Number of protein chains: 2
Amino acid sequence: MADLSGDDVQGPVIVVSNRGPVSYACGEGGRTAERGTGGLVTALSGLARHLDDAVWICAALTDEDGVVSREHDGGAFALDIDGQQTGLQLRMLELDPDAQHKFYAIISNPMLWFIQHYLWDLSKSPDITTREIDAFDNGYVSVNTRFADSVAEEVGARGGRATVMVHDYHFYLVGAQVRARCPDVLLHHFVHIPWPHPDAWRVLPPSMREAIFNGLLGNDVVAFHSERYARNFVLGCQELGLIADLESLEIDLGDRRVVARWYPISVDPSQIETTAQSGQMAEHLKRLTANRREHMILRVDRADLSKNILRGFRAFDTLLDDHPELAGRTTFLALLQPSRQDVTEYVDYLEHIRRLVADVNLKHGTPDWQPIELNLDGGFDQVVAAYKLFDVLMVNAIFDGMNLVAKEAVLVNENDGVLALSENTGAYEELGAFAVTLHPFDVQQQADALFAALTMERRERRERRLACAAIVRENTVAKWLHEQMLDLRHLGGHPPAAPPKN
Amino acid sequence: MADLSGDDVQGPVIVVSNRGPVSYACGEGGRTAERGTGGLVTALSGLARHLDDAVWICAALTDEDGVVSREHDGGAFALDIDGQQTGLQLRMLELDPDAQHKFYAIISNPMLWFIQHYLWDLSKSPDITTREIDAFDNGYVSVNTRFADSVAEEVGARGGRATVMVHDYHFYLVGAQVRARCPDVLLHHFVHIPWPHPDAWRVLPPSMREAIFNGLLGNDVVAFHSERYARNFVLGCQELGLIADLESLEIDLGDRRVVARWYPISVDPSQIETTAQSGQMAEHLKRLTANRREHMILRVDRADLSKNILRGFRAFDTLLDDHPELAGRTTFLALLQPSRQDVTEYVDYLEHIRRLVADVNLKHGTPDWQPIELNLDGGFDQVVAAYKLFDVLMVNAIFDGMNLVAKEAVLVNENDGVLALSENTGAYEELGAFAVTLHPFDVQQQADALFAALTMERRERRERRLACAAIVRENTVAKWLHEQMLDLRHLGGHPPAAPPKN
């Protein structure tokens, strides 16, 4: 595991993301603070221990987040979790609900998410109408401005120098706004989802797409999960008429340059392994083991259109057609987390999933065997228990920025489980050589690949799983962050001076 | 108009396209031969007059085409139309109906057409199943092989040297097959539809997408309508691991190189103008003029998903919402040609169109005024009559290789008609500066653009129309072909020797 230390960054660090490291709730026993489970939270929390001054700006998403925010007058406060100091300061921004809805439920999702995953059914949708234009101007722009204002305040309070790290597709406009007001900061934006080809951006009118590119070009570094995404970003800059080099991935803006880089995100192995060894596993393992047949195919996904859940079930249907000997001996366990149910496309998608599962179960099932077990309300403990048991993990995403399920699962599986992985995931660049490749639109190929994985010799299964696990264990999320920090020091030229300790 | 002469090409020319220069039918008065109306037919027929030896290989598409083909034992014959020699030889290939269906109705349309216009609704379709794999192997591959065999025969009959010009998305595999058997030919493939970014090709499994790229790489020149498409092709070659240069648009295959080029296709102005002046116009003009209100918006399209017909009507709906003063004074005349009604997506699309028209007419119409006049069965004469009369021509295609409607219409309009043109058409590169720009997904912007066009000062309308017409008159389809021929001589290095005259 890479050594993460304060040497990586000098001076204050300001992190911006929509979801913060903690989420507050108010229960009968008083206020509770639930720590975010994502790798980003873990990595940045780990980094914070080595920093003199780190502040994380996020949205106040729960009612209790709002209460906490107001208790600190919307300013930063030292973040304690379970009575322990984290070393982080937290600033939660309470947003106008109308602006937040427009920002999140109209522009960020589905608009940008669908564009970046190539999900729009272009002959029918989307329509850009006054609703979308209003949501951009009075939602996306105003929320981005609100965050940029807060960043500028925090930078100002630190004498104008800091390293600012902005995360994901919610905040494409922050970079340019901060740059304009804080010329001496080092600005870094990480895009956690795919960056598509320039043509995909043509769904947006020029004013919006140019705002997005110009917003990102306010940064010193625009970072992605893979070279492919970084190249697509540079191609988009070329379309804007900028001098942008596909070899060096640099954009020359005359007075300064912007670099596109790629750093494949990962997980925190020790965190997953700790969960896998926790006491809560026993009950889940018992139930899953009692239910299981000879073969268990597993998928774990948000119920998102990009995850290709329908074709996964169709492939399983085809598998059972092609190999009737598997009937009664194989179960496809699908642990799906319903998502974004305020967006029509997602409601429809979940309905399609339910119907398809019913169809496949009706077609192939018997009184004592349901081919697909669809579970929409499991927690992370159940997920990790299933990770331990699967024979084949299916990750057949249409397009996926990285896919951390693949990385988590290979770490803790105890059944020589085979990773069946879409060629269109970021993770494929690292793990593809030891996975069974899935071509996400090719239902027949996926059925064949599932069969190959299910019938693979135990020794080969073991070797592949161990190889995948070794790669993930080597390339941790801490290393991911570390490498970005090193590059930032190098690329920034003159790192911000260390501030006085508060 | 560029001078097209035999100097452009030495030696025999072999043309390959699915639809040939003529279509036979058998009526009461005996066999009739209807000449194709496309610019390609005109241009190549024009060229043929200057060539010693030109043979056009196409599919026998009608029953009578099949009869004609059999009369010549499937070989080439001198093509006469209306008793006049054309100078062309024609070879019509009768295809196995099953193979032809797979080749055309499954792979070419919708599969390739949808991929190349970004039309797939990827979270739902397409599925690659045994049906598609079979259609590729036993339809697309076998029809391509059949055409390649015929090309090789014609080349062989000419001592192994010829210039072979293959057209469009039906025949991506022909180049490599001909190259393997006829190493001394000069091979040129023109793609008449957009070439999308590499990610779009990921809908196909690697075996198919690599077959397509490798097929095209059998050519010396792969030609497109715009630099954008040529660049996308080169990017796709880079993804295959080839040495491909985005500046020179050359692909280095070691023993030889392939160049991507672009030549925007056009129309034959004299042909359109002749039609516009023909006697058949009078009746159509009379009817259209009697029906017209103060303003006429026109669209002329195949009812294809790429044409963005739904959003066009939604924009008109928005226009009438925003500007009630236009009610009763404006008609949107839509001359749509139903297309590919053997493909589900097209049947559904036409149904959506009908319903939307009914909705808009119900919402805004009055007993004596229907806002949208939908016409699904007009001929070309009616189209040209409407070209003469429109105030605004709407071309709002999602993506369109070129769009010749825009070019035809500006030539013959007699009403200072304004071209409202999608930024995503090939034609936009030439005509965009004098058109009103449409952003095809932005319904509000299209409504605003229609209003701007309808209320534009007469003088500006005239100047814009004249500027567009001058550009089209300068860049004819003859020039388009001429430039390709010149480049072929240059790029080919050593042009094939002139064969003995037959």
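The values are calculated or read from the model by the stated rules, or taken from the named source; none is laboratory data. Worth saying up front: this structure is predicted, and the values here are computed from it rather than measured. All Cβ positions, even for glycine, are placed from backbone atoms using ideal geometry, and neighbour counts span all protein chains on display. The protein model used for the area step is the full one, side chains on, heavy atoms only, and it has no ligands, DNA or RNA in it. Shrake-Rupley method; radii C 1.70, N 1.55, O 1.52, S 1.80 Å.
Which angle from 0 to 90°, rounded to the nearest 10, does the C-alpha axis of helix A:344-364 make with the longest principal axis of chain A? Computed tilt is about 10 degrees.
Give the percent of DSSP beta bridges with both residues in the protein assembly as shown that are antiparallel, rounded to the nearest 5.
On the way: 34 of 130 bridges.
Around 25 percent of the beta bridges assigned by DSSP in the protein assembly as shown are antiparallel ones.
The label-point distance for residue A:77 and residue A:342, in a model that sets each label 7 Å from Cα toward Cβ, rounds to 2.4 nm.
Treating each Cα of region A:113-224 as one equal point scatterer and applying the Debye formula with no solvent, the log10 of I(q)/I(0) at q = 0.12, 0.16 Å⁻¹ comes out as -0.44, -0.74. Relative to the Cα centre, the charge distribution of chain A, modelled as +1 at Lys and Arg Cβ and -1 at Asp and Glu Cβ, gives a dipole magnitude of about 500 debye.
Qualifying GluC sites (Glu not before Pro) in region A:264-357, where qualification requires a DSSP coil assignment and no more than 11 other C-beta atoms within 10 Å, comprise A:294. The calculated FRET efficiency for the pair residue B:369 and residue B:474, based on their C-beta separation and a Förster distance of 35 Å, comes to about 0.30. Where both bridge residues fall in region A:272-474, DSSP classifies roughly 5% of the beta bridges as antiparallel. Summing charges over neighbours of residue A:132, with a neighbour being any other residue whose Cβ is under 12 Å away from its Cβ, gives -2 when K and R count +1 and D and E count -1. Quick one: of the DSSP bridges fully inside chain B, what percent are antiparallel, nearest 5? Looking only at bridges with both residues in chain B, the antiparallel portion is about 25 percent.
The largest accessible area among A:372, A:471 belongs to the first residue in A:471, A:372, and the rest follow in falling order (1.4 Å probe, all chains).
For an R0 of 41 angstrom, estimate the FRET efficiency from the Cβ-Cβ distance between residue A:19 and residue A:463 and round to the nearest 0.05. Could the numbers behind the result be given before it?
Details: r = 38 Å, r/R0 = 0.92.
Using R0 = 41 Å, I get an efficiency of 0.65.
Taking the protein heavy atoms of region A:275-373 in the context of the full set of protein chains, the accessible area attributed to carbon and sulfur is 51 percent at 1.4 Å.
Would you please calculate the Kirkwood hydrodynamic radius of region A:49-111 over all C-alpha pairs and express it in Å, rounded to one decimal? Please report the intermediate quantities before stating the final value.
On the way: mean 1/r = 0.0772 Å⁻¹.
Hydrodynamic radius (Kirkwood, Cα pairs) of region A:49-111 is 13.0 Å.
Calculation over all alpha carbon pairs of region A:348-400 in 10 angstrom steps from 0 returns a P(r) of 19, 40, 40, 2 percent. A Förster radius of 51 Å, combined with the Cβ-Cβ distance separating residue B:210 from residue B:414, puts the computed FRET efficiency at roughly 0.50.
Of A:322, B:53, the order by accessible heavy-atom surface (1.4 Å probe, DNA, RNA and ligands excluded), from most exposed downward, is A:322, B:53. Between 0 and 90 degrees, the angle of helix A:141-156 with respect to the longest Cα principal axis of chain A falls at about 60 degrees.
What percent of all Cα-Cα pairs in chain A falls in each 10 Å bin, counting up from 0? The calculated distribution, bin by bin, is 4, 18, 28, 27, 16, 6, 1, 0. Put simply, the Cα atoms of region B:223-353 extend 65, 37, 34 Å along their principal axes, the longest span coming first. Normalised by the number of residues in chain A, the mean separation of alpha-carbon contacts (under 8 Å, six or more apart) gives a relative contact order of 16 percent. In the context of the full protein assembly, residue A:257 retains an accessible surface of approximately 110 Å², using a probe radius of 1.4 Å and ignoring ligands and nucleic acids. Karplus-based coupling profile of region A:450-458, in residue order and whole Hz: 4, 5, 4, 5, 5, 9, 5, 4, 4, with θ = phi - 60° in 6.51 cos²θ - 1.76 cosθ + 1.60 and x standing for Gly or Pro.
Taking the full set of protein chains and a 1.4 angstrom probe, give the accessible area of residue B:295 in square angstrom, rounded to the nearest 10. Rounded to the nearest 10, that gives 20 Å².
Label positions at residue B:105 and residue A:283, each projected 7 Å from the Cα along the C-beta direction, are separated by 5.8 nm. Of the residues B:278, B:159, B:230, the one whose Cα sits farthest toward the positive end of the charge dipole of chain B, with +1 on the Cβ of Lys and Arg and -1 on the Cβ of Asp and Glu, is B:278.
Within region A:363-385, list the residues whose amide N lies under 16 Å from a label point set 7 Å along Cα→Cβ of residue A:327. Within reach of a label on residue A:327: A:363-372. Each Lys or Arg adds one and each Asp or Glu subtracts one; over the other residues with Cβ under 13 Å from the Cβ of residue A:82, this totals 0. Accessible area per residue (1.4 Å probe, heavy atoms of protein chains only) ranks A:464, B:458 as B:458, A:464, with the largest value leading. Calculation over all alpha carbon pairs of the protein assembly as shown in 10 angstrom steps from 0 returns a P(r) of 2, 10, 18, 21, 20, 15, 9, 4, 1, 0 percent.
Separation of the alpha carbons by more than 20 angstrom is noted, of A:124/B:307; B:307/B:407; A:286/A:307, for A:286/A:307. Between 0 and 90 degrees, the angle of helix A:309-322 with respect to the longest Cα principal axis of chain A falls at about 20 degrees. Normalised by residue count, region B:274-474 yields a Cα convex hull volume of 113 Å³ per residue. The simple spin-label model puts a point 7 Å past each Cα toward its Cβ; for residue B:354 and residue B:302 those points are separated by 2.1 nm. Summing charges over all other residues whose Cβ lies under 9 Å from the Cβ of residue B:186, with Lys and Arg as +1 and Asp and Glu as -1, gives 0.
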